1. How about segment 105-151: which of its residues are in contact with a Ser or Thr (Cβ under 6 Å, 6 or more places away or on another chain) and either of a type in the set (S, T, Y) or in contact (Cβ under 8 Å) with a residue 40 or more places away in the chain (or both)?
2. Testing E53 on (1) exposed (fewer than 15 other Cβ atoms within 10 Å of the Cβ); (2) over 30 Å from L145 (Cβ atoms); (3) under 17 Å from the mean Cα position of the chain (by Cα), one condition comes back false. Which one is that?
3. Name the residues in segment 63-113 that are assigned to a strand (DSSP E or B) and farther than 18 Å from L126 by Cα, would you?
4. With the requirement that a residue be in the same structural domain as V98 (by TED's automatic domain parsing) and hydroxyl-bearing (S, T, Y), what does segment 44-83 give you?
5. Would you please name the residue that is modelled with the highest pLDDT, looking only at residues in segment 114-136 that are outside any helix (DSSP H, G or I) and polar (S, T, N, Q)?
6. Go through segment 32-89 and give me each residue that's within 30 Å of V7 (Cβ to Cβ) and of a type in the set (S, T, Y).
7. Within segment 126-140, is there a residue that is within 18 Å of K70 (Cα to Cα), aliphatic (A, V, I, L, M), touching a helix residue (DSSP H, G or I) at 6+ places or on another chain (Cβ under 6 Å) and surrounded by 15 or more Cβ atoms within 10 Å (Cβ to Cβ)?
8. Would segment 84-97 turn up any residue that is assigned by TED's automatic domain parsing to the domain that holds E128, of a type in the set (V, I, T) and either closer than 30 Å to E128 by Cβ or surrounded by 15 or more Cβ atoms within 10 Å (Cβ to Cβ) (or both)?
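The values are calculated or read from the model by the stated rules, or taken from the named source; none is laboratory data. These numbers come from a predicted model, not from an experiment. Cβ placement follows ideal geometry from the backbone for every residue including glycine, while neighbour counts extend to all protein chains displayed.
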Amino acid sequence: MMLVKEVVKIDKIDRKIIELLKKDGRMSYRKIAEEIGRTEVTVRRRVRKLIKEGVIRKFTVVIDPVKIGKSVQAFISIPVDVKETSKLVEKLKGLEEVSEAYFLAGRTILLLKINVEDLNALSRFLEEKLKVLGETRNVETYLILKDLLQE
């Protein structure tokens, strides 16, 4: 696992483009160009370069889990053996409730973000579905009350 990646130099214009795309990934190059005072060709060229260099990894859709019936979101921390992480990643891909997964430094921890319908579904997930990960002692669950940055 490579932890240090090559740093790509980006300037003020790139940062403005990125900020606009973070707010609205569907914003047209023409609209971005108007917002930053550059030409559409410049914006298109810069976005292509940011994608090629891996600064922009992908364009995606952010779904409101509550709107699709997933009213309970939680973080689950699971102590893991470092040697097991690659196996765990494959197992996690099969768990539809898991929307995000992170391997954290410090106490070796796997941190999952899950979206489920209700507290009963959360309980079932903890009791039944986490078994695919193997030994899951000392699991801690944190209910998300409010996403402060998505309001």
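1. Once the filter is applied, which keeps residues that are in contact with a Ser or Thr (Cβ under 6 Å, 6 or more places away or on another chain) and either of a type in the set (S, T, Y) or in contact (Cβ under 8 Å) with a residue 40 or more places away in the chain (or both), segment 105-151 yields K113, N115, L130, E140.
2. Unmet for E53, out of (1) exposed (fewer than 15 other Cβ atoms within 10 Å of the Cβ); (2) over 30 Å from L145 (Cβ atoms); (3) under 17 Å from the mean Cα position of the chain (by Cα): (3).
3. Scanning segment 63-113 gives F103, L104.
4. Of everything in segment 44-83, those that are in the same structural domain as V98 (by TED's automatic domain parsing) and hydroxyl-bearing (S, T, Y) turn out to be S71, S77.
5. N115
6. Matches in segment 32-89: T39, T42, T60, S77, T85, S86.
7. Checked segment 126-140: no residue is within 18 Å of K70 (Cα to Cα), aliphatic (A, V, I, L, M), touching a helix residue (DSSP H, G or I) at 6+ places or on another chain (Cβ under 6 Å) and surrounded by 15 or more Cβ atoms within 10 Å (Cβ to Cβ).
8. Yes, because at least one residue in segment 84-97 is assigned by TED's automatic domain parsing to the domain that holds E128, of a type in the set (V, I, T) and either closer than 30 Å to E128 by Cβ or surrounded by 15 or more Cβ atoms within 10 Å (Cβ to Cβ) (or both).
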